[in-house]
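One structure is given below, encoded as structure tokens.
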Amino acid sequence: MSTDNPILNSPYHEPLLHYNTNSEGALDYKDIRNGRRIFKTELAVLPTRQSGQKEIFEWNDNAEDYTSHIINLCRKEVELWRKENYVNTTRITKELLNFWFTNPERHAVKKLFFAQQEAVETAIWLNEVAEKSNVGNHILGLLRDAQISVSADAADQLPRIAFKMATGSGKTVVMACLICYHYFNRQEYRNDTRFADYFLIVAPGVTIKSRLGVLFVDTKNKNPNDIEDYYRVRGLIPAHMEHRLQNLNARLVITNYHTFEPKTLQGNKKSPFDGKVDLYGKEIDTGNKEDFAQVIKRTLGKFKTGSRILILNDEAHHCYLPKSKTKTTDNEEADENARAAVWFTGLKEIAKKFKLQAVYDLSATPYYLTGSGYTPYSLFPWVVSDFGLIEAIESGLVKIPFLPESDNTQELTMPVLRNLYEHVKEELPKKGQRTQKKDAASEGTKFVELPPKLPSLVKGALDQFYNHYVEYFNGIRKMKEERANIFSAPPVFIVVCNNTGVSKEVYKYIAGYEYVDGDGAIQVVQGAKDLFSNYDPATNKPLKRPPTLLIDSDALENGEQINDDFKNIFFRNRRI
């Protein structure tokens, strides 16, 4: 086995094999071990090529030290319950589980991944089965301890349950299954308080919110071949239950967390600053805002107050209660904490108006971030299942990522590349920092672009990644894929930045930019990366289809119209 084809397991079954791990946390592709990799609280390893002999240890050594972790306990109990054909559940629950995971006719065309199966099974086992055994009650106690660990205030102790799933392993399908599970059981057993009446899905931005629209029942398309909702596209509904979907949309709201921010009231008494923004583009707070009762009415007006509600958080690592005593001088960390607090506060207020059944958190990285007041990158303690990046790679769900290792400057070592931000953050532009200067010739009203200002380490890292992309562009990667009988879409070059000031500088460096010279003429500076420059090198004119796009996070969060840009990325094979 090699990094050209690292797949060990079927994506449809529980992993049976795993790669060994060396003392530096990298995988050894020459050493394959039996059994599933046990969950440990250490940070996940990142796949890299091996060079030279290194000390090797078995990841599952001392496994007994970790068997008491809630994730490993849940794995064991859910596996036993699976083998017993889902005993101690309602008739509806058992029918759905068998339809999703054991029906051979359905599996021939639309079998679910094991990552999806384990998350769904764990949620259902905790809701219906756990309380019926001593071990299950012990696990529920651990989960409750995790939920109350965030605060001594009972109002902050939300019934959160998190599922860690690698990007690409199908979180949206899991949401669809969990909605069906609660909704169909609620229809059948109206007095059973274990099942929710209404469903709220919360996303971190409008783009993800739009993608989650597949969780609404498609009532527009009458032709079965045109239907777009996941319940039917992914074959999640037994034929005799399909009619039960008719009223689901009336009980479902999909929104982004910004809806929890109180809006300025448009009453008779207005401040002259209502609707105005400050120098940084933020709306001026005049104090004339909604209270949370109005926010909830605006967001969940079609839900009956006091009913049972289930909340599903997508990309849930953006939702947490920051520790109030924590202070940070990093603008991006402060903004992230502010966003997290808005999201968390919204859920807390909803819990006061409804019977909050549970909050299902789904994320590939359910960790506390730097500046949150918790140990950076420590796992949310209410995570109950884990199918992470390494298992997704070993199961063929995710392509193997690797970091370029060639370096002519001798500045970029592997540890630097793994955590580049920590090595350059003091040299990066801060959020809101101007990267333009006033043009004196136009009475100070015009700004001209300054040359991009980036640390040399950032430029060196971009050079290394770009060189690997050029290898693909010139056919090297394609030939390797053909030899290994692997065929895939061309890769997209993505640079993720910590704030919009940095992203603007990276964009200018990669794609080029325009400026006004002393005579008032527009001049063009070509991008540093030929394949990604947005300007024709022969004419210096902008390309009709620029290969590089700048996707501004502020635009994403505020709902600006950028969908066409994303269509360009995904449907026209652009590079970014």
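The values are calculated or read from the model by the stated rules, or taken from the named source; none is laboratory data. Just so it is clear, the model here is predicted, and its values are computed rather than measured. Cβ placement follows ideal geometry from the backbone for every residue including glycine, while neighbour counts extend to all protein chains displayed.
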Completion exercise
residue 519 vs (1) at pLDDT below 85; (2) not in a loop (DSSP other than H, G, I, E, B): all pass except (2)
Problem - Output for the stretch 177-197, where each listed residue is more than 13 Å from residue 93 (Cβ to Cβ) and either polar (S, T, N, Q) or crowded, with 23+ Cβ neighbours inside 10 Å (or both) - result: 179, 191, 193, 196
Practice task
Please go through the stretch 363-378 and pick out each residue that is in a strand (DSSP E or B) and either surrounded by 21 or more Cβ atoms within 10 Å (Cβ to Cβ) or of a type in the set (Val, Ile, Thr) (or both).
Solution key: 363
Problem - residue 201 in the same structural domain as residue 258 (by TED's automatic domain parsing) and not in a strand (DSSP E or B) - result: no
Problem - Among the residues listed as 254, 237, 201, the single one being hydrophobic (A, V, I, L, M, F, W, C) and either more than 16 Å from residue 311 (Cα to Cα) or over 20 Å from the mean Cα position of the chain (by Cα) (or both) - result: 237
Problem - residue 340 being at pLDDT 80 or above, touching a Ser or Thr at 6+ places or on another chain (Cβ under 8 Å), outside the structural domain of residue 41 (by TED's automatic domain parsing) and buried (at least 19 other Cβ atoms within 10 Å of the Cβ) - result: yes
Practice task
Test each condition in (1) touching a Leu at 6+ places or on another chain (Cβ under 9 Å); (2) in a loop (DSSP other than H, G, I, E, B); (3) farther than 30 Å from residue 159 by Cβ; (4) modelled with pLDDT of 55 or more for residue 399 and report the one that comes out false.
Solution key: (1)
Exercise for the section: Please tell me if residue 140 is assigned by TED's automatic domain parsing to the domain that holds residue 386, surrounded by 20 or more Cβ atoms within 10 Å (Cβ to Cβ) and either under 30 Å from residue 320 (Cα atoms) or touching a helix residue (DSSP H, G or I) at 6+ places or on another chain (Cβ under 6 Å) (or both). Expected result: no
Exercise for the section: Having 3 or more residues that are touching a residue at least 40 places away in the same chain (Cβ under 8 Å) and out of contact with any Gly (no Cβ under 8 Å at 6 or more places or on another chain) is the bar; report the helices (runs of 4 or more DSSP H) wholly within the stretch 62-163 that clear it. Expected result: 70-83, 91-101, 114-124, 134-148
Exercise for the section: Taking the options 160, 144, name whichever one is among the basic types (Lys, Arg) and in contact with an Asp or Glu (Cβ under 8 Å, 6 or more places away or on another chain). Expected result: 160
